[in-house]
Amino acid sequence: MTSPATIVIIPTYNEAENVSPLIERLLGLEEKVDVLIVDDNSPDGTGQVVDAIVAENPRVQVIHREAKLGLGTAYTAGFVHALGQGYDRIITMDADFSHNPRYIPALLRLTDEYDLAIGSRYVPGGGVRLWGAHRRLLSRGANLFARSMLGLHAHDCTAGFRCYRASVLEAVDPHSIQADGYSYLLEMLWRVQKAGFSIAETPIVFTDRRRGASKISQKEIFHAAGTVFRLTFSRSVAPPVRLAPRQSDHLQSYDQ
């Protein structure tokens, strides 16, 4: 197949309300992207909604999985599929419009120079909407904890809105990630930094879902803490970090 350079991977579970309008927004971007849905046999019919779109548009692909197998393995399945089809840049995002497609051009521009671009809530210009004080504090605390324990340089360590160069995922084998759920994002970032790839953040405003149910649970939080401790005690001494020049008031960049 002759494919454009970029594919957007979207794991789904019970996103029938969101998936069709999100795909429409992505296909309407000026920057041409393909879309890959990784659906975990959603009982609400998400997979069937996507099948109908796939039948009409060759830029949309779908992986159907037999059960709810977890966010981390969904990312891995998507990465392996994208690398096998020769995409140069691979974007991950949520299906619920908490990640606005309008930020994709900024992510792509960053990966012209950097190996990994992160859509960040926690650099100047970024933020969150429709969160209560408790959730804001929890998220900030989790990021501070991960950064402090693991020596991560990005400010938004748990962000799922990312753009990877293919070379990053080829070097950091997705199958090597032991964590699942949102902890997968932490471990992937840690491995990317440890491998010496350059990382940059651009601000996004994260808007909590308006339709459907949130999939973040207290169990996920405990898993993330466990992942941080596992990686802390397994890591070797990292090379000194050199901060790249600040390119704008709203961009933070890190060269390893």
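The values are calculated or read from the model by the stated rules, or taken from the named source; none is laboratory data. Here the structure is a predicted model, which is why all the values come from computation and not from measurement. FYI the Cβ positions are ideal-geometry reconstructions off the backbone, even for glycines, and counts take in every protein chain you see.
Restricting attention to the range 179-192, which residues are closer than 17 Å to ASP115 by Cβ and either buried (at least 24 other Cβ atoms within 10 Å of the Cβ) or among the β-branched types (Val, Ile, Thr) (or both)?
Residues satisfying the conditions are LEU185, MET188, LEU189, TRP190, VAL192.
Pairs only if they're at least six apart or on different chains, beta carbon under 7 angstrom, first in the range 108-131 and among the acidic types (Asp, Glu), second part of a loop (DSSP other than H, G, I, E, B); list them, first residue then second.
Filtered contacts from the range 108-131: ASP115/PHE197; ASP115/SER198.
Scanning for something basic (Lys, Arg) and exposed (fewer than 15 other Cβ atoms within 10 Å of the Cβ), does the range 30-49 turn up at least one residue? Even if it seems obvious, please write down each step before you answer.
Taking the range 30-49 as the starting set, the residues that turn out to be basic (Lys, Arg) are 32.
Retained after the next criterion (residues that are exposed (fewer than 15 other Cβ atoms within 10 Å of the Cβ)): 32.
Yes, the range 30-49 contains a residue that is basic (Lys, Arg) and exposed (fewer than 15 other Cβ atoms within 10 Å of the Cβ).
Using the structure shown, decide if PRO58 is assigned to a helix (DSSP H, G or I) and either modelled with pLDDT of 95 or more or within 22 Å of MET188 (Cβ to Cβ) (or both).
Details: assigned to a helix (DSSP H, G or I): no; either modelled with pLDDT of 95 or more or within 22 Å of MET188 (Cβ to Cβ) (or both): yes.
So PRO58 fails the test.
Being closer than 14 Å to TRP190 by Cα and out of contact with any Asp or Glu (no Cβ under 9 Å at 6 or more places or on another chain) narrows it down to one residue among CYS163, CYS157; which is it?
None of the others qualify; the one that does is CYS157.
A quick yes/no check of all residues on (1) buried (at least 21 other Cβ atoms within 10 Å of the Cβ); (2) in contact with a strand residue (DSSP E or B) (Cβ under 6 Å, 6 or more places away or on another chain); (3) touching a residue at least 60 places away in the same chain (Cβ under 8 Å):
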{"site": "GLU56", "(1), (2), (3)": "no, no, no"}
{"site": "ALA74", "(1), (2), (3)": "yes, yes, yes"}
{"site": "PHE79", "(1), (2), (3)": "yes, no, yes"}
{"site": "TYR87", "(1), (2), (3)": "yes, yes, yes"}
{"site": "SER98", "(1), (2), (3)": "yes, yes, yes"}
{"site": "ILE104", "(1), (2), (3)": "yes, no, yes"}
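Working carefully through the options ALA82, ALA179, ALA67, ALA74, find the one that is within 18 Å of the chain's Cα centre (by Cα) and not in a helix (DSSP H, G or I).
ALA179
Looking at this structure, is ARG165 among the basic types (Lys, Arg), at pLDDT below 95 and surrounded by fewer than 23 Cβ atoms within 10 Å (Cβ to Cβ)?
no
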